[in-house]
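The values are calculated or read from the model by the stated rules, or taken from the named source; none is laboratory data. Only a predicted model underlies this, so the values are computations on that prediction, with no experimental measurement involved. When we count neighbours, we look across all protein chains shown, and the Cβ atoms used for this are built from the backbone with ideal geometry, even at glycine. Just so you know, the surface numbers come from the protein's heavy atoms only, side chains and all, with ligands and any DNA or RNA stripped out. Shrake-Rupley method; radii C 1.70, N 1.55, O 1.52, S 1.80 Å.
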Amino acid sequence: MNTPLIVPAIALDQATKRYGIAKAGIATILESITTQVQRREFVSIIGPSGCGKSTLLKIVAGLSPITSGSIAIHGMTPQKARELISFIFQDATLLPWRTVRQNVVLGLELDGMARETRNAKVDTVLSLVGLSHVADSFPRQLSGGMKMRVSIARALATRPQILLLDEPFAALDEMTRDRINEELLRLREEQNWTALFVTHSVAEAVFLSTRILILAPNPGRIAHDLPIELPFPRTESTRRSSAFDRTVSEVSRALRSVSINSESKGDGQEIGVYPA
Amino acid sequence: MRKLSVTLLSAFSIFVGLLLLWQSVIWIFSLPPYLLPSPARVAHAIVTRLPSLMTSLGLTAAAAAGGLLAALLVGVAIALLFAQSPWIRRMFYPYTILLQTVPIVAIAPMILLWIGPGLSAVTLIAFIICLAPIVANTTQGLISVDRNMVDLFLMHNASRSQVLLKLRLPHAMPSIFTGIRIASGIAVIGAITGELFAGSSRVGVGGIGYAIQYASAQLETDYLFALVLAATLLGFVFFFAVMFLDWYFLHHWHESARVVDQE
Ligand SMILES: Nc1ncnc2c1ncn2[C@@H]1O[C@H](COP(=O)(O)OP(=O)(O)OP(=O)(O)O)[C@@H](O)[C@H]1O
Ligand SMILES: [Mg+2]
């Protein structure tokens, strides 16, 4: 087997995740996940609630080991690759006792970077997300959208190669969410990261992604792997195009087929098919 | 600010009203001073016996504050241990509840037996009574950290002590203050209860609890009233001191500490 010149950002081969011990019963959360994410790809993961999306991100982050199979992040083990990765969670997970600036600096501080260097980096990244004017505010003084942007700034401050986003914008109103989506793509133009993005919104996934993975539940597995061919740069007008609508309904149909199969197994879940 | 002066004014008028009511009860039922001394008599007792009153107040305050402070240090240390694992909690937590349910009146004589009467015995009693709420609240605060926050720290290979100092302890601050607030109320009560048993190492000098016992034995009802007033005042001072510290340390980021600076 010859290794390709550029190793993929994320390579999963037959990755399987189980919980529990033999006697008490074993739950298979993810079964034989095999896929590769190339550098600078933006891959969204959608699927019914409980199908293992968050678990998959935690595996990639090295926060949760796989039971069998293999995983490589830039050719390394997830634990070794941690410093290449930033994680963005659903609620902004800001430390309320720290100001915006102090929150954004957290990662650099934990990495042991010298004070002057990290302060300069924080200033840069704050202006990148348009938050310089609230640098010294506390999180409770900010709106939900602003908090999320602080969270993005914190993630980008460490110059990651890979961004993992677990339903980051689920709690935002639609207008704010759309705006942040556009901002995220703009940041992607300027920077070099690969994204693995979990969402319940098909429209959001279509707008952001170069590829969408649809997971089927019980056990979690990849049911569809759909490339999204819409041209970049994507803007507000992309959302109004007929190609966008068509893609959204295709993806929705694929998602529904997966969900209907699982609903007959009796676990309820909500599938977000947001109108474009 | 205007709201504050209105509050103070109404509180003051209620105070004056109560004094008048008090005085009229004495007049109407013509009560003898040893049953109910007049406000003037109590005021007189306060003025003439100010030095001994202040000595008692100081001793009780020292025991209550010392007990509270020691309970804070020991309590947070115990909570840090409890936060390490659910195993430790399951094994030792019942004992902190025991600490809370043991009647202080019942163990006071034992403490008296072991370390003799005086300030240290009273401080120990205040300490015991303050410990449980601080341990319980601090532990709760330390372990209730959001899982995602911990993951965030782990992503940066943060050490256990970094997670503790930069995440768990600051997160627990509001809970620690809740513990202190509860403890500060019972610290004064604990000290006075302790003094009823172990209040003095020298005859004639002791904290408020000791002086209360002495005054009631001598039927010095006017001084007894003065002591009760002093004890109440001390409780008030403790309560507001803790309220202020709570506000001072937490108001810029924590909602619960902000009640004070809302208009
Ligand atoms: N530590 C654990 N031990 C046992 N089971 C777990 C553990 N963590 C997650 N699970 C199970 O794994 C399954 C997948 O969970 P996961 O959080 O990955 O789903 P999800 O797709 O992110 O769901 P949602 O859309 O609701 O966020 C769930 O059934 C959950 O109960
Ligand atoms: Mg999830």
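Tabulated values for the structure
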{"quantity": "Computed label-point distance, nm, for sites residue A:191 and residue B:27 using a 7 Å Cα→Cβ extension", "calculated": "8.0"}
{"quantity": "For B:157-166, mean number of other protein chain Cβ atoms within 10 Å", "calculated": "2"}
{"quantity": "Solvent-accessible ranking of A:178, B:246, A:245, largest area first, probe 1.4 Å", "calculated": "A:245, A:178, B:246"}
{"quantity": "Accessible surface buried once B binds A (1.4 Å probe; total of both sides; Å²)", "calculated": "2100"}
{"quantity": "Two-site FRET efficiency, residue B:161 against residue B:87, from Cβ-Cβ distance with R₀ of 25 Å, rounded to 0.05", "calculated": "0.80"}
{"quantity": "Rounded to the nearest 10 Å², the accessible area of residue A:234 at probe 1.4 Å", "calculated": "10"}
{"quantity": "Full-stretch length increase - residue A:170, residue A:14 - with 0.36 nm per residue and alpha-carbon distance subtracted", "calculated": "53.2 nm"}
{"quantity": "Cβ-derived FRET efficiency at R0 22 Å, residue B:55 paired with residue B:237, nearest 0.05", "calculated": "0.85"}
{"quantity": "Length added when fully stretched, residue B:252-residue B:148, from 0.36 nm per residue minus Cα-Cα", "calculated": "35.1 nm"}
{"quantity": "Candidate residues A:53, B:166: accessible-area rank, largest first, probe 1.4 Å", "calculated": "B:166, A:53"}
{"quantity": "Environment charge at residue B:222 (Cβ cut-off 14 Å; Lys +1, Arg +1, Asp -1, Glu -1)", "calculated": "+1"}
{"quantity": "Rel. contact order, % - alpha carbon contacts under 8 angstrom, at least six apart, chain B", "calculated": "26"}
{"quantity": "Per-residue mean of C-beta atoms belonging to partner chains within 10 Å, peptide A:124-132", "calculated": "0"}
{"quantity": "Accessible surface, 1.4 Å probe, highest first, among residues B:252, A:200, B:44", "calculated": "B:44, B:252, A:200"}
{"quantity": "Span from the segment B:40-56 Cα centroid across to the segment A:209-230 one, whole angstrom", "calculated": "82"}
{"quantity": "Under the span-like rule (Cα at least 27 Å along the axis, Kyte-Doolittle mean at least -1.0), DSSP H helices of chain B", "calculated": "B:2-29, B:50-82, B:119-143, B:169-198, B:221-250"}
{"quantity": "Cα-projected label distance for residue A:159 with residue B:106, points at 7 Å along beta-carbon direction, nm", "calculated": "6.7"}
{"quantity": "Total lysine pairs whose alpha carbons fall under 21 Å of each other in the protein assembly as shown (8 or more apart, or interchain)", "calculated": "9"}
{"quantity": "The protein assembly as shown: calculated mean residue ellipticity at 222 nm from DSSP helix runs of at least 4, using -39500 (n - 2.57)", "calculated": "-19000 deg cm²/dmol"}
{"quantity": "Relative contact order %, segment A:12-263, counting alpha carbon pairs below 8 Å whose residues are six or more apart", "calculated": "26"}
{"quantity": "Segment B:92-210, relative contact order in percent, only Cα pairs under 8 angstrom and at least six apart counted", "calculated": "38"}
{"quantity": "Residues losing 30 Å² or more accessible surface upon assembly, segment A:78-99, compared with the chain by itself, 1.4 Å", "calculated": "A:82, A:89, A:93, A:95, A:96, A:97"}
{"quantity": "Built amide H within the under 5 Å cut-off of residue A:90, gap 5+", "calculated": "A:166"}
